[in-house]
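Asks: Right, I'll just put the structure down here and ask away after.
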Amino acid sequence: MSTPHLPKPAQPVLSILSSRWELFWPGLLQDLGKRLGRADVVSDPFAFTETSYYDEELGTPIQRRILAFEELVPPEALPGMKLFTNELEGRHLDASGNRIFNLDPGLLQLERLVLATGKEFTHRIYLRSGIWAEVTLIFQKGGWRALPWTYPDYAGTLVQAILSRIRDRYKDKLKSAQPGAALT
């Protein structure tokens with residue numbers, strides 16, 4: 001018989017895609033901070049070239065940043081993160097009603113990266129409020145492993161290198177956490 005237990009807190013992460021950074025950056029970072037706290041990792045922008053899926057809506061050339069936030073959160077915080085980022089996207093539409101950025105929140109744990117989505121699919125688990133969770137990458141034998149549904153950009157070495165850096169910081173945060181500390 002398995003014995004239920006609470007999971008360790010998770011590391012909030014966020015991917016931002018846009019071709020029009022000058023319209024919202026760094027103001028978006030401040031808006032994110034109001035809900036997610038201070039970002040302690042903010043990658044430099046880098047090219048997003050693995051798919052043209054977002055080109056029509058976001059314009060080109062699209063660049064990505066990956067962020068991680070200082071405070072760890074309980075895994076059940078993921079749906080709230082996605083609902084918040086959806087709201088931010090909706091507040092920053094262009095004159096045609098298109099988003100000027102795409103926000104993909106997720107939670108990094110030692111064993112996995114889980115992303116939140118509003119799109120149902122066979123491999124996604126429903127959480128609440130129209131939000132599903134997808135295990136996008138797993139960490140095994142010292143490295144990230146893609147799954148059959150992993151997006152090509154997350155399967156790439158650049159994104160995985162940034163996630164590994166975040167994972168190392170996350171391990172340090174877990175080590176320094178006080179035993180019995182509240183999960184917030």
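Asks: By what distance, in whole Å, do the Cα atoms of the stretch 1-72 stretch along each of the three principal axes, largest value first?
Replies: The principal-axis extents, from largest down, are 52, 29, 18 Å.
Asks: Quick check on the stretch 11-176: take the gyration tensor over C-alpha atoms, sort the square-rooted eigenvalues as a ≥ b ≥ c, and tell me if it's rounded (a/c under 1.5), prolate or oblate. Could the numbers behind the result be given before it?
Replies: Working: a/c = 1.37, a/b = 1.30, b/c = 1.05.
Because its axes are fairly even, with a/c under 1.5, the stretch 11-176 counts as rounded.
Asks: To make sure I understand, if each residue's beta carbon is the centre and we count other beta carbons within 10 Å, what order do TYR170, TYR53 fall in, fewest to most?
Replies: Ascending Cβ contact count within 10 Å gives the list TYR53, TYR170.
Asks: So, in nm, how far is label LEU83 from label SER176 when the simple model puts each one 7 Å beyond its Cα toward the Cβ?
Replies: Each label point is offset 7 Å from its Cα along the Cβ direction, giving 3.2 nm.
Asks: If each DSSP helix of 4+ residues adds -39,500 (n - 2.57) and the sum is divided by the residues in the chain, what number results at 222 nm, nearest 500 deg cm²/dmol?
Replies: Details: 5 runs with 52 residues, N = 184.
It comes out at -8500 deg cm²/dmol, rounded to the nearest 500.
Asks: Which whole-angstrom value gives the distance between the alpha carbon centres of the stretch 1-20 and the stretch 95-141?
Replies: 9
Asks: What distance in nm separates the simple spin-label points at LYS141 and THR3, each placed 7 Å from Cα in the Cβ direction?
Replies: The answer from the label model is 3.2 nm.
Asks: Let me ask something else about it. Taking square-rooted eigenvalues a ≥ b ≥ c of the alpha carbon gyration tensor, is the stretch 111-184 rounded, prolate or oblate, where a/c under 1.5 means rounded and, failing that, a/b exceeding b/c means prolate? If you can, show how the numbers build up before the last one.
Replies: Details: a/c = 2.57, a/b = 1.21, b/c = 2.13.
Here the stretch 111-184 falls in the oblate category.
Asks: Give the lysines reachable from LYS173 as a straight Cα distance under 27 Å; neighbours fewer than 8 places away on the same chain don't count.
Replies: LYS8, LYS34, LYS82, LYS141
Asks: Moving to a separate point now. Working from the alpha-carbon coordinates of the stretch 70-142, get Rg over Rh, Rh being the Kirkwood radius.
Replies: Computed over Cα atoms, the ratio is 1.03.
Asks: Applying 1/(1 + (r/R0)^6) with R0 = 22 Å to the Cβ-Cβ distance of ARG165 and ARG35, what FRET efficiency is obtained, to the nearest 0.05? Spell out each step's value before the answer.
Replies: Details: r = 23 Å, r/R0 = 1.06.
E(calc), rounded to 0.05, equals 0.40.
Every number in this text was worked out from the coordinates using simple rules, so none of it is lab data. A quick note: this is a predicted structure, and the numbers were derived from the prediction, not measured. So basically every Cβ, Gly included, is an ideal-geometry build from the backbone, and we count neighbours across all protein chains shown.
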